[in-house]
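One structure is given below, encoded as structure tokens.
The values are calculated or read from the model by the stated rules, or taken from the named source; none is laboratory data. Quantities reported herein were computed from a predicted structural model and do not represent experimental measurements. Every residue, glycine as well, gets a Cβ built from its backbone with ideal geometry; the counts of neighbours run over all protein chains shown.
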């Protein structure tokens, strides 16, 4: 009985405890293991390093590569150190276009034109100049970069305007059938430390891709061409930000004529990225590309026709160096010195080096060998010297009076410029034209230019020297006196 | 006989008191010490940075140390924040989960570091249009090393922290940690691979549910109910852990976001560094 009582007491004691407990709690919490990332096992991805070495390149002293810095280019000069260093190793000079000279002038003498992330549009004249430059064997390299946009912040609307470098680049590239997309490529699976650092491992067989096994680009636009050639193709895990479509993108393309190279990235040119994968070898190939162009020089390149440092000036037999000619010659010498060419007067052709020949239309024995390749033909009228003509290939038959002709040819590494005038009086005028450093006042057809340097036909007689022939002056008849006086009316 | 009756009655009453009422009262008194279960709520309506993280950790610690707090609901509306602070809160939440269920209820946003915390909980609710995801890291590269005449240091990166390239690669490592956290947290529920998840996209809640980034569409109330269900409690009370932990509602002025000279607060952090942060795009025109 006592036990029952104790039991009841215990039950009664426990009952409210259990009741309250069960009112609130229907079970006991079970400790459990919660997995967290193994942070200690995470590693920093390392860049792939290549052992590929570039072949030693030939030295090409005297060549100049122009780097554009006049079109809102989104880089600083120190960032192209790898390029300028590689060019210097080959004895090539790098010039930066800051607008001091016109682009057309620069392109007269440079071997290659490098444009990096331009954000200012090229003018129509500039586009045409570049097109002509490329057509004549000049090399054009355009490097763009999706991280090199130009930002403009509108303080009134708080809007930010973004100008991509592809607009300006495509403006230049469209004649060469190359288009750079305003996108960036990305790869989340196989990349170089970051999704935007894309690796390329599939290469087309070109000189620019010789020996390459892997290239790493650090944010790149995709580059497209139909008639040209893609340098390398991305894998199936590479996507374009523009479409989020994958596979088969190129980030560099070569034009059909092989003179224009467009690349979607610029960062790979800079340390330390230029040392990752086979980037250094690729940069070396690009530098070779810039210098391997075969530039065709013609008269439009004047005064940048000479590359030997010294040009010999050879007056032919009929040309007498007198005071009339010294002035223009001095100007010409000054012009050539500005392009690092010294002018030396010689009595006979030294047989080597660059040469400027001065002569008249009446060919002398010493002039004939220089003229033969051009096929000029002189026609003389016996009775009237002023009707003499000259047949110039490409121009037809021209009256000689007041005419100056410039002829240019490259022979055995020599650059020979022949300046011909009709008379010894016209020759200083022709040299004056040359001394301007610009023969745009002449009609130019490849290696022949025809310039007006004197007076033709009716003014040929130089009337102010000969004197104006006096024309008979008819005497006016004397005023007849009026026969009939006017009557005066009162 | 008549004298015995009162004694017997008194004895019986005494027995009853001793045997029934006393144990019952004692039981009731003891039962009163059984606390009513609490579903603690932690609100995060801010970026995750030193101050907000410290407050959260205080609340988490309180929940862990107080047995009456049987579950925690994390009410989330955050674009994320700094890497270290996000990871610190994530690890504290993971520790709490070892003993108590933690449920997330996403309000308008659980992006980047906010989502990092979410995957460190047992169940995730979101609204149909909540912004969820943005898995990844964002950072400002340190400047290229340079020298000043009047500031000297003992190493090339003493002033800059790390080479720019190393910084980028470290960021990739942090991303992998984030991805692992998502994988561990979501397990088989996750329907997308890294090639999609790590694009850094933000998905609306309904899409996040389809992709397995969250568990259900639901409200904060449902989250609390779910927490109680998982904690095996009923008749619980819901309490703001901030109040329980005695965190004063002091407005800390901490310039986490960059403020322009005109006084406009941008969506960019004021300091350079690494972030698990969603930065909404600024209005722009091309």
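Filtered by the rule that a residue be touching a helix residue (DSSP H, G or I) at 6+ places or on another chain (Cβ under 8 Å) and assigned to a helix (DSSP H, G or I), the stretch B:74-100 gives B:83, B:85, B:86, B:87, B:88, B:89, B:90, B:92, B:93, B:95, B:96.
Residues in the stretch A:27-41 that are assigned to a loop (DSSP other than H, G, I, E, B), at pLDDT 85 or above and surrounded by 14 or more Cβ atoms within 10 Å (Cβ to Cβ): A:34, A:36, A:37. Evaluating residue A:269 against the criteria (1) in contact with a strand residue (DSSP E or B) (Cβ under 6 Å, 6 or more places away or on another chain); (2) surrounded by 22 or more Cβ atoms within 10 Å (Cβ to Cβ) leaves one unmet condition, (1).
Okay, residues lined up against (1) over 30 Å from residue A:309 (Cβ atoms); (2) within 38 Å of the chain's Cα centre (by Cα); (3) in a loop (DSSP other than H, G, I, E, B); (4) at pLDDT 90 or above:
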residue: A:319; (1), (2), (3), (4): no, no, yes, no
residue: A:370; (1), (2), (3), (4): no, yes, no, no
residue: A:373; (1), (2), (3), (4): no, yes, no, no
residue: A:386; (1), (2), (3), (4): yes, no, no, no
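Considering the stretch A:42-51, and only residues there that are loosely packed, with under 13 Cβ neighbours inside 10 Å and under 33 Å from the mean Cα position of the chain (by Cα), the residue that is farthest from the other protein chains (Cβ to nearest Cβ) turns out to be A:51.
Per-residue answers, yes or no, for (1) more than 21 Å from residue B:83 (Cα to Cα); (2) modelled with pLDDT under 95:
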{"position": "B:213", "(1), (2)": "no, no"}
{"position": "B:226", "(1), (2)": "yes, no"}
{"position": "B:241", "(1), (2)": "yes, no"}
{"position": "B:249", "(1), (2)": "yes, yes"}
{"position": "B:253", "(1), (2)": "no, yes"}
{"position": "B:266", "(1), (2)": "no, yes"}
{"position": "B:270", "(1), (2)": "no, yes"}
{"position": "B:279", "(1), (2)": "no, yes"}
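In the stretch B:45-60, the condition of being within 18 Å of residue B:236 (Cβ to Cβ), in a helix (DSSP H, G or I) and touching a helix residue (DSSP H, G or I) at 6+ places or on another chain (Cβ under 6 Å) is met by at least one residue. Of all residues in the stretch A:202-215, one or more are free of Cβ contacts under 8 Å to residues at least 24 places away in the same chain and more than 21 Å from the chain's Cα centre (by Cα). Checked against (1) surrounded by 17 or more Cβ atoms within 10 Å (Cβ to Cβ); (2) within 14 Å of chain B (Cβ to nearest Cβ); (3) part of a loop (DSSP other than H, G, I, E, B), residue A:12 passes all but condition (3). Residues considered: B:71, B:110. Of these, the only one that is within 12 Å of chain A (Cβ to nearest Cβ) and in a strand (DSSP E or B) is B:71.
Of all residues assigned to the stretch B:248-268, none qualifies as being away from every other protein chain (no Cβ under 14 Å), buried (at least 17 other Cβ atoms within 10 Å of the Cβ) and assigned to a helix (DSSP H, G or I).
Listed by position, the strands (runs of 3 or more DSSP E) enclosed by the stretch A:161-273 include none that has at least 3 residues that are within 11 Å of another protein chain (Cβ to nearest Cβ), in contact with a helix residue (DSSP H, G or I) (Cβ under 8 Å, 6 or more places away or on another chain) and at pLDDT 95 or above.
Every residue in the stretch B:173-195 that is within 9 Å of another protein chain (Cβ to nearest Cβ) and free of Cβ contacts under 8 Å to residues at least 12 places away in the same chain, please. Once the filter is applied, which keeps residues that are within 9 Å of another protein chain (Cβ to nearest Cβ) and free of Cβ contacts under 8 Å to residues at least 12 places away in the same chain, the stretch B:173-195 yields B:173, B:176, B:180, B:183, B:195.
Only one of the listed residues (A:448, A:390) is modelled with pLDDT of 60 or more, under 30 Å from the mean Cα position of the chain (by Cα) and closer than 30 Å to residue A:312 by Cβ. That residue is A:448.
For residue B:224, are the conditions met, namely being touching a strand residue (DSSP E or B) at 6+ places or on another chain (Cβ under 8 Å) and either part of a helix (DSSP H, G or I) or more than 23 Å from residue B:118 (Cα to Cα) (or both)? Considered against the rule, which asks whether it is touching a strand residue (DSSP E or B) at 6+ places or on another chain (Cβ under 8 Å) and either part of a helix (DSSP H, G or I) or more than 23 Å from residue B:118 (Cα to Cα) (or both), residue B:224 comes out as yes.
If we scan the stretch A:90-98, do we find a residue that is farther than 30 Å from residue B:71 by Cβ and either within 14 Å of chain B (Cβ to nearest Cβ) or touching a residue at least 40 places away in the same chain (Cβ under 8 Å) (or both)? Yes, that holds for at least one residue. For the stretch B:51-60, the criterion of a residue being within 14 Å of chain A (Cβ to nearest Cβ) and within 22 Å of residue B:223 (Cα to Cα) is satisfied by at least one position. The condition (being surrounded by 17 or more Cβ atoms within 10 Å (Cβ to Cβ), free of Cβ contacts under 8 Å to residues at least 60 places away in the same chain and more than 26 Å from residue A:365 (Cα to Cα)) is satisfied by just one residue among A:343, A:336: A:336. Screening the stretch B:154-172 for residues that are surrounded by 12 or more Cβ atoms within 10 Å (Cβ to Cβ) and not in a helix (DSSP H, G or I) and picking the one that is nearest to the other protein chains (Cβ to nearest Cβ) gives B:163.
Would a scan of the stretch B:35-53 turn up a residue that is without any contact (Cβ under 8 Å) to a residue 12 or more places away in the chain and surrounded by 15 or more Cβ atoms within 10 Å (Cβ to Cβ)? There is no residue in the stretch B:35-53 that is without any contact (Cβ under 8 Å) to a residue 12 or more places away in the chain and surrounded by 15 or more Cβ atoms within 10 Å (Cβ to Cβ).
Would you be able to tell me the number of residues in the stretch B:120-131 that are crowded, with 24+ Cβ neighbours inside 10 Å and under 20 Å from residue A:37 (Cβ atoms)?
So the count comes out to 3.
If you scan the stretch B:22-44, which residues turn out to be closer than 21 Å to residue A:10 by Cα and touching a helix residue (DSSP H, G or I) at 6+ places or on another chain (Cβ under 8 Å)? Within the stretch B:22-44, B:22, B:23, B:24, B:26, B:27, B:28, B:30, B:31, B:32, B:34 meet the criteria.
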